[in-house]
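The values are calculated or read from the model by the stated rules, or taken from the named source; none is laboratory data. What you are looking at is a predicted structure, and each value in this text was computed from that prediction instead of being measured. No Cβ is skipped: glycine too gets one built from the backbone with ideal geometry, and neighbour counts run over all protein chains shown.
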Amino acid sequence: MVGRILALDLGKKRIGLAISDELGITAQGLETVERRGRRDDIEDLRKLISLRGVTKIVVGDPLHMNGDSSRQGDYTREFAGELERKTGLPVEFRDERWTSREAERTLRGSGVANGKRKATIDRLSAVLLLQSYLDSARMEHGQ
């Protein structure tokens, strides 16, 4: 695997971000982005992608618990399609139904201030999403 993978946990107010190391083994959280509008958000992500040498984007797919698509999922796919067109990079979707809940459980009792908790949950959700993706990709390739 060459280059880095960027994961997005796309919310209405914030975008949680995580990036892989160049070998595709570990996921690290990046600063959560406050949403400013689709055009500005995509431009901010384009700059980050260029700066960090990203070669693939993984986006959390917010499915309903029964596996059906959600209205947020429709918006997420539109956003991801535009990001794919503007960056020329492949975008893959990954089920994110459990990432926010897992992030909240991880943060419980961590001492993170309430004001920063939502941004931290978004970032940790992106990390969990990306780490899951990286682990499954390694298993597929027998590593």
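Contact annotation: residue pairs with Cβ atoms under 8 Å, 6 or more positions apart or on different chains, pairing a residue in region 1-23 that is more than 13 Å from A126 (Cβ to Cβ) with a partner that is polar (S, T, N, Q), are V2/T55; G3/T55; R4/S20; R4/T55; K12/Q72; D21/Q28. Name the single residue that is surrounded by the fewest Cβ atoms within 10 Å (Cβ to Cβ) among those in region 24-33 being in contact (Cβ under 8 Å) with a residue 24 or more places away in the chain and more than 18 Å from D61 (Cβ to Cβ). In this case the residue turns out to be E31.
Looking at region 87-103, is at least one residue more than 20 Å from K56 (Cα to Cα) and at pLDDT 75 or above? No, region 87-103 contains no residue that is more than 20 Å from K56 (Cα to Cα) and at pLDDT 75 or above.
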